Amino acid sequence: MQRTVFFISDGTAITTETLGHTLLTQFPAIVFHQERVPFIDTPAKAEEAVERINEASAKDGAPAIVFLSIIDDQTRAVLYRGDGIILDLFADFMDTLERALGTGRKSSIGQAHGVANTKRYHDRIEAPNFALA
């Protein structure tokens, strides 16, 4: 059996893909055709992604699996209109975290890759240079 899996994000989709791969390894009997779709940061780009999802679902004869990490509510909503099964990494966790922390989030695209600790960041950047030297 083959299923198409999409990793869709408003950033690079690397984090989304990593978590998705981790979950998919639990199903070794299924062959997954995987597609990473990065930088879906507008409703128009989301519409294009939905077309790809719908085509893959029709081709497979089963809904595509869609791992999703998109901040913007309008862009995310477009993807819910497709034929895929959505595993929304933000919606599934953010509401719970907001309740647990007693505060709302301040969302912005790419925030997960921000530089909070500049010394650590510079050390990481310098590591390949050290290794090459």
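The values are calculated or read from the model by the stated rules, or taken from the named source; none is laboratory data. Only a predicted model underlies this, so the values are computations on that prediction, with no experimental measurement involved. Here the Cβ positions follow ideal geometry from the backbone for every residue, glycine too, while neighbour counts run over all protein chains shown. Protein only, heavy atoms only, side chains kept; ligands, DNA and RNA dropped before computing areas. Shrake-Rupley method; radii C 1.70, N 1.55, O 1.52, S 1.80 Å.
Overview of values
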quantity	calculated
Search result, residues across region 105-133 that are assigned to a loop (DSSP other than H, G, I, E, B) and either modelled with pLDDT under 65 or farther than 29 Å from Val50 by Cα (or both)	Ser107, Ser108, Ile109, Gly110, Gly114, Val115, Ala116, Asn117, Ala133
Number of positions in region 79-91 that are in contact with a Ser or Thr (Cβ under 9 Å, 6 or more places away or on another chain) and farther than 19 Å from His21 by Cβ	2
Flag for Leu79 being outside any helix (DSSP H, G or I) and within 17 Å of Ala13 (Cβ to Cβ)	no
From the options Arg3, Arg36, residue that is in contact with a His (Cβ under 8 Å, 6 or more places away or on another chain) and within 23 Å of Arg81 (Cβ to Cβ)	Arg3
Residue list for region 54-69, restricted to those being open to solvent by 30 Å² or more (accessible area, probe 1.4 Å) and in a loop (DSSP other than H, G, I, E, B)	Gly61, Pro63
Matching entry among Ile40, Ile86 (being in a strand (DSSP E or B), at pLDDT 95 or above and closer than 23 Å to Arg105 by Cα)	Ile86
Every pair of residues 6+ apart whose Cβ atoms lie under 7 Å, when the first sits in region 21-39 and is closer than 17 Å to Leu68 by Cβ while the second is of a type in the set (A, V, I, L, M) and part of a loop (DSSP other than H, G, I, E, B)	Arg36/Ala13; Val37/Ala13; Pro38/Ala13
Flag if Asp72 is open to solvent by 50 Å² or more (accessible area, probe 1.4 Å), modelled with pLDDT under 95 and in contact with an Asp or Glu (Cβ under 8 Å, 6 or more places away or on another chain)	yes
